[in-house]
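In what follows, a single structure is set out as structure tokens and then discussed.
Values quoted throughout were computed directly from the atomic coordinates according to the rules given, and no laboratory measurement underlies them. Since this is a predicted model, take the numbers as computed values, not measurements. We place every Cβ from the backbone using ideal geometry, glycine too, and count neighbours over all the protein chains shown.
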Amino acid sequence: MTMPPRKKSGKGASSGAEHQTAQEQPAAGVLTRLSSDEANAVLDLLLKKHPKLRPDAEQIATNLVSSASVDEVAEDVFDRVTGVDLDALNGRAGAHSWGYVEPSEAANELLEESVEDLVEDLKRKAELGLAPAAEVICTGIVKGLYRARKTQSDGALGWDPDFPAEKAGYTVEELIRSCHSTARQATLERLVEMLVPEAPEWQDMLRRAVHSPIRK
């Protein structure tokens, strides 16, 4: 005599559903563990599948890259430049397998590296056509360097006291070079207005830096 198949109890069905949900949960959280390249690939595929989302995505991206303030950038730059201490300098200067590195040379390298990513971010924004966001970063960098110019330091800054002024001028030139030609004139006019109040002792140098890439 063949026995009819047993019906699954409510408990068993519930366990199956719970098991399925448990299996799905890790996949739902994979977005938080994507690398930057993987996240970019997901965004590209999503926008290709749903092109109507592009304007919203562009707006969100613009707001995201334009969110920094002059004071926030300035404080960050000041901390970075004044934070390159004697231990870091001793680790870079002196005799190495490839030769001898002067303390002043090592100091300049370390100070350059401390703000390199900010200058690159400024150039990226300018090249994307986000001139106002790039101007905020540029002004913040100059303001932070201006604050650091008279800081007494036994670290890298003490070995390269000219760095703040020289880097400020270079940063301004990089912004102007990176701007689209159609936006360059408006950018340099705004930039002078923004920079001079933040670094009054450097105003002549900054005015020259603003116009230098155009003369070249």
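Find how much the distance from ASP87 to ASP162 grows on full extension, using 0.36 nm per residue of separation minus their present alpha carbon separation; answer in nm with one decimal.
Fully extending the segment from ASP87 to ASP162 adds 24.9 nm.
What ³J(HN,Hα) values, in whole Hz, does the Karplus curve 6.51 cos²θ - 1.76 cosθ + 1.60 give for segment 73-81 when θ = phi - 60°, with x put for Gly and Pro?
5, 4, 5, 4, 5, 4, 5, 5, 5
Skipping prolines and chain starts, which residues have an amide H placed within reach, meaning under 5 Å, of the one on VAL101, given they are 5 or more residues away or on another chain?
GLY94, ALA95, HIS96
Between ASP44 and GLU127, what is the label-to-label distance in nm when each label sits 7 Å out along the Cα-to-Cβ direction?
Each label point lies 7 Å from its Cα, and together they span 1.7 nm.
Between GLU193 and TYR170, what FRET efficiency follows from the Cβ-Cβ distance if R0 is 35 Å, with the result rounded to 0.05?
Efficiency at R0 = 35 Å is approximately 0.95.
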